[in-house]
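Data first, discussion second: the structure below is written as structure tokens.
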């Protein structure tokens with residue numbers, strides 16, 4: 001089973017709009033995906049918890065998002081969480097795109113390799 005987390009506007013859930021900035025998201029929606037079927041298993045509002053602690057505690061193995069920082073990508077990569085990005089507006093839409101294998105998988109080595117190879 002895949003346990004994915006998505007940054008969302010309140011109130012969260014499958015119909016929630018995806019929050020554009022990972023770091024400042026008011027809520028995170030956790031989705032269980034198995035055999036191309038999915039359900040919302042939880043909605044997390046951050047208070048004093050760090051998102052990385054929420055990810056570890058909930059056994060999240062995938063992040064679905066619009067964007068995130070290199071630092072966040074590095075932290076997720078260190079704990080074995082895969083990150084996928086796409087241009088979707090809603091949770092339901094990004095989960096369907098993930099199931100269809102239509103999202104871009106990103107990791108820290110790809111990003112750093114791209115920066116190193118970048119020339120003006």
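Pairs meeting the criteria (first residue in the stretch 40-63 and at pLDDT 95 or above, second residue surrounded by fewer than 11 Cβ atoms within 10 Å (Cβ to Cβ) and not in a strand (DSSP E or B), beta carbons under 8 Å, at least 6 apart or on different chains) are 61/80. Residues in the stretch 15-32 that are surrounded by fewer than 18 Cβ atoms within 10 Å (Cβ to Cβ) and either more than 16 Å from residue 97 (Cβ to Cβ) or within 14 Å of the chain's Cα centre (by Cα) (or both): 7 in all.
How many of the residues making up the stretch 69-95 are out of contact with any strand residue (DSSP E or B) (no Cβ under 7 Å at 6 or more places or on another chain) and either surrounded by fewer than 13 Cβ atoms within 10 Å (Cβ to Cβ) or modelled with pLDDT under 95 (or both)?
Looking only at the stretch 69-95, we keep the residues that are out of contact with any strand residue (DSSP E or B) (no Cβ under 7 Å at 6 or more places or on another chain), and these are 69-72, 74-75, 77-80, 87, 92-93.
Add one more test, that the residue is either surrounded by fewer than 13 Cβ atoms within 10 Å (Cβ to Cβ) or modelled with pLDDT under 95 (or both), and what stays is 69-72, 74-75, 77-80, 87.
Selection size over the stretch 69-95: 11.
The values are calculated or read from the model by the stated rules, or taken from the named source; none is laboratory data. Note that the structure is a prediction, hence the values are computed from the model and not measured. Quick reminder, even Gly has a Cβ in these numbers, built from the backbone with ideal geometry, and neighbours come from all protein chains shown.
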